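Scroll down for the structure; my scribbles are underneath it.
The values are calculated or read from the model by the stated rules, or taken from the named source; none is laboratory data. Only a predicted model underlies this, so the values are computations on that prediction, with no experimental measurement involved. Cβ placement follows ideal geometry from the backbone for every residue including glycine, while neighbour counts extend to all protein chains displayed.
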2 protein chains.
Amino acid sequence: MNAVTELLQSHRSIRKFTDEKLSAALIEEIMLSGQAAATSSNVQAVSVIQVNDPEARQQLAEYAGGQPYVASAGAFFVFCADLNRPAQACEMQGGDFASGMTEQFLIASIDVALFAQNCVVAAQSHGLGICYIGGLRNKPAEVSTLLKLPHNVYPVFGLCLGFPDQNPEVKPRMPLSSVLMQDQYKQDSHVDNINTYDETVREYYRTRTGGKKDSSWSEEMKKLIGKESRPHMREFLASKGFTLR
Amino acid sequence: MNAVTELLQSHRSIRKFTDEKLSAALIEEIMLSGQAAATSSNVQAVSVIQVNDPEARQQLAEYAGGQPYVASAGAFFVFCADLNRPAQACEMQGGDFASGMTEQFLIASIDVALFAQNCVVAAQSHGLGICYIGGLRNKPAEVSTLLKLPHNVYPVFGLCLGFPDQNPEVKPRMPLSSVLMQDQYKQDSHVDNINTYDETVREYYRTRTGGKKDSSWSEEMKKLIGKESRPHMREFLASKGFTLR
């Protein structure tokens, strides 16, 4: 490993931050690192709203299902998939934006994720902690109203950045042999790998919670995907002009 | 800037590689760095198929619309959104996978992008060049058949990794002021920013092609989103169990 892969492999989410704010120069450096990520056909379908207003931060913390670090982190950003800007460019050239394509939704969402992950790595390289906030998708319409997001823009996730005031363990991952395959998809070993990983996860939770949480990965997956996930998302996205066709 | 943000900000796609292969240890380090990225509720909805077979590589290069570096790069990977593995875990616990949710499609696709971008940074930190291959989505059903992808798995993009045999310029991005906003979405300055960026992009193409390519960002956007993008994607995704509801 080198210093960069050590940094990447030491990632864990931080949910408790000191009061220290981030300088404007540091935020700019992080955002320029985000912009430098690959983007599909240079569409750059990303806008980032930095939320500074304390009441708005509190509101977003509640929308996210009660995550207080959304309000308390040194800085908080909402990463948006933005087809409004390229649509405007298209129209400036006399074109008609062929809106609503599922492919465009996918391209914009991936652009956002690549951009954000570069921001995360840049932030962590400066000793900051991070936490992605997918919970904003609990209330995507309300988030959109609060941030005045126009049509063809939707909030993909939030991101807390700040100086860490905790030092949690790295969460163990699935065995790599279950994830990296050669030439063709192989699922023969999934059950064995899940069984192995279940014990790893159970031990991780036991240690981290002093025995209070006793659960395996497959138990967590049953809770997570054994029921409907945010069933409002399809209609919300359609209302913003995404995934209509 | 520090060494990491310098690395991030020096990204450009590489489309010409030397013959040098990647060692198994290097690939493992890159993939472990990918696995370490954040994942929504630890669902780890990512599988990566490394394609070694020369005929399959050639076939994928053609599916991608004729991109020869898919066949010639030191290594080639297809990054797949994988809800098959968590579904299997859910069923091992007696649960029923609530399949087809748009939210799950989004979560899995973002998981893939975060994982892949960490792989990209890890690879570049070792001097490798990279190129994302969204063009696999020209023929997603054919790619899925070739790689024997099961239901609830789809190919998001490919990734070429290899030692660079070219040294292209970094492509300039949109002014940051157009991308990073404070508290609320602001589109007042979009037109000015697009006009400024149009000239930057025109100059970049002129320089890079010795005057052969004379185009602006907004002209490129008109070509890109002024027509339907991969209209087969919605039906393809549905056939794999994604975005049904």
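Would the stretch A:11-28 turn up any residue that is crowded, with 24+ Cβ neighbours inside 10 Å and modelled with pLDDT of 95 or more?
At the first step, the residues of the stretch A:11-28 found to be crowded, with 24+ Cβ neighbours inside 10 Å are none.
Looking through the stretch A:11-28, none of the residues is crowded, with 24+ Cβ neighbours inside 10 Å and modelled with pLDDT of 95 or more.
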Given (1) of a type outside the set (D, E, K, R); (2) farther than 24 Å from A:Val4 by Cβ; (3) touching a Leu at 6+ places or on another chain (Cβ under 9 Å), identify the lone condition not met by B:Gly95. (3)
Matching residues in the stretch B:125-153 - criterion: being over 14 Å from the mean Cα position of the chain (by Cα), within 8 Å of another protein chain (Cβ to nearest Cβ) and within 30 Å of A:Ile133 (Cβ to Cβ): B:Ser125, B:Val153
Residue among B:Leu159, B:Leu180 that is buried (at least 16 other Cβ atoms within 10 Å of the Cβ) and outside the structural domain of B:Asn52 (by TED's automatic domain parsing): B:Leu180
Is it the case that the stretch B:83-94 has a residue that's within 20 Å of B:Gln35 (Cα to Cα), in a loop (DSSP other than H, G, I, E, B) and either more than 8 Å from every other protein chain (Cβ to nearest Cβ) or touching a helix residue (DSSP H, G or I) at 6+ places or on another chain (Cβ under 8 Å) (or both)? yes
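Is it true that B:Cys119 is assigned to a strand (DSSP E or B), in contact (Cβ under 8 Å) with a residue 60 or more places away in the chain and either outside the structural domain of B:Leu32 (by TED's automatic domain parsing) or not β-branched (Val, Ile, Thr) (or both)?
Numbers: assigned to a strand (DSSP E or B): no; in contact (Cβ under 8 Å) with a residue 60 or more places away in the chain: yes; either outside the structural domain of B:Leu32 (by TED's automatic domain parsing) or not β-branched (Val, Ile, Thr) (or both): yes.
No, not satisfied.
Out of the stretch B:92-116, which residues are charged (D, E, K, R) and in contact (Cβ under 8 Å) with a residue 40 or more places away in the chain? Walk me through it before giving the result.
Keep residues of the stretch B:92-116 that are charged (D, E, K, R), which gives B:96, B:103, B:111.
Selection gives B:Asp111 alone.
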Test set (1) in a loop (DSSP other than H, G, I, E, B); (2) more than 24 Å from B:Leu237 (Cβ to Cβ); (3) among the hydrophobic types (A, V, I, L, M, F, W, C) - B:Ala37 fails condition number: (2)
Can you spot a residue in the stretch B:176-187 that is in contact with a Lys or Arg (Cβ under 6 Å, 6 or more places away or on another chain) and outside any helix (DSSP H, G or I)? yes
Scan the stretch A:154-169 residue by residue and report those that are within 14 Å of chain B (Cβ to nearest Cβ) and among the charged types (D, E, K, R). A:Glu169
When you check A:Glu235 against the structure, is it under 25 Å from the mean Cα position of the chain (by Cα), charged (D, E, K, R), in a helix (DSSP H, G or I) and more than 8 Å from chain B (Cβ to nearest Cβ), yes or no? yes
Can you find a residue that is in a strand (DSSP E or B), buried (at least 19 other Cβ atoms within 10 Å of the Cβ) and more than 8 Å from every other protein chain (Cβ to nearest Cβ) anywhere in the stretch B:52-73? no
Exactly one of B:Met221, B:Met233 is surrounded by 21 or more Cβ atoms within 10 Å (Cβ to Cβ), of a type outside the set (D, E, K, R) and not assigned by TED's automatic domain parsing to the domain that holds B:Ile130, and that one is B:Met221
